[in-house]
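Have a look at the structure below, then the notes.
The values are calculated or read from the model by the stated rules, or taken from the named source; none is laboratory data. Everything quoted here is computed from the prediction, not taken from an experiment. Note that we place each Cβ from the backbone using ideal geometry, even for glycine, and neighbour counts take in every protein chain shown. All accessible areas refer to the heavy atoms of the entire protein, side chains included, with ligands and DNA or RNA removed. Shrake-Rupley method; radii C 1.70, N 1.55, O 1.52, S 1.80 Å.
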Amino acid sequence: MAGPRKPVVEVRRSQRRRRTVSAYRDGERVVVLIPDQFSRAEESEWVDRMLARLAAREGRSVRSDGELLDRASRLIKLYLTEYGTQAVPASVRWVSNQNGRWGSCTPADRSIRLSHRIQEMPDWVIDYVLLHELVHLIVSSHNAQFWALVGRYPKTERARGYLEGVAAVAGTP
Ligand SMILES: [Zn+2]
């Protein structure tokens, strides 16, 4: 099995640098700037560390608030198309104060918030939580109509099971 593709790394040593290390992406390459005095061992340790840091930063930036709004538009088009603007939120954003909830929706101002705790979960789980909140813009309670609309998403049951499992492990409802 192939592991994650390692980028081409170019290490640049600088006599002006003393302790600071930095890294940036330049096309397909990653350039890592290190102090000239670093040993080979330090160099290899810092390259690994900077690659991990870069990957984490890029992973987070992909799932930005702007990306959430694009995701919402795609889900509306796929599953709630006949509701038109009724399903379109005014805002969708990541928040860190959800108190045990994965997502929430305020129909009065049409705002949707998703917990940062699901930010690193698989796409199909985030899609379920987001669709769930979008449907709340149409149906406020968890009635039969609500679940019929959410159930249009083929992975609804799987995503609910996934989240129940995570909650059980974390000891939260
Ligand atoms: Zn709900």
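At a 1.4 Å probe radius, which order do Val31, Val169 fall into by accessible area, largest first? It would help to have the intermediate numbers written out before the result.
Values: Val31 0, Val169 130 Å².
The ranking, largest first, comes out as Val169, Val31.
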- Order by accessible surface, 1.4 Å probe, largest leading, for residues Ser96, Ser39 comes to Ser96, Ser39
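Whole number in Å², please: accessible area per residue of region 119-171, 1.4 Å probe, ligands, DNA and RNA not counted. Don't skip to the end; give the middle numbers.
Values: 2550 Å² over 53 residues.
Ligands and nucleic acids excluded, the figure is 48 Å² per residue.
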- Peptides 145-154, 122-131, 108-117 ordered by average Cβ neighbours within 10 Å, highest first: 122-131, 108-117, 145-154
- The extension gain from Ile138 to His116, computed as 0.36 nm times the residue separation minus the Cα-Cα distance, is 5.5 nm
- Query: Based on the alpha-carbon gyration tensor of region 12-89 and its eigenvalue square roots a ≥ b ≥ c, which shape applies: rounded if a/c is under 1.5, prolate if not and a/b is larger than b/c, or oblate?
  - Reply: prolate
- Note on the structure: For region 45-52, in residue order, the Karplus 3J(HN,Hα) values (coefficients 6.51, -1.76, 1.60; θ = phi - 60°; whole Hz; Gly and Pro = x) are 4, 6, 4, 4, 5, 5, 5, 5
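Using a Förster distance of 30 angstrom, determine the FRET efficiency expected from the C-beta separation of Thr81 and Glu58, and round it to 0.05. Mind dumping the intermediate values first?
Numbers: r = 32 Å, r/R0 = 1.07.
FRET efficiency, Thr81 to Glu58: 0.40.
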- Message: What do you get for the angle between helix 156-170 and the principal long axis of the chain? Use alpha-carbon atoms, 0 to 90 degrees, nearest ten.
- Response: 60
- Output the Kirkwood hydrodynamic radius of the chain, Cα pairs only, in Å rounded to one decimal. 19.0
- Note on the structure: Rounded to the nearest 10, the angle in degrees between the Cα long axis of helix 123-136 and the longest principal axis of the Cα atoms of the chain comes to 40
- Query: Stretch Glu157-Glu45 to full length: gain in nm at 0.36 nm per residue minus the Cα-Cα span?
  - Reply: 36.0 nm
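Could you order Lys155, Lys77 by accessible surface area, starting with the largest, using a probe radius of 1.4 Å? Could the numbers behind the result be given before it?
Values: Lys155 80, Lys77 155 Å².
If we order Lys155, Lys77 from most to least accessible, we get Lys77, Lys155.
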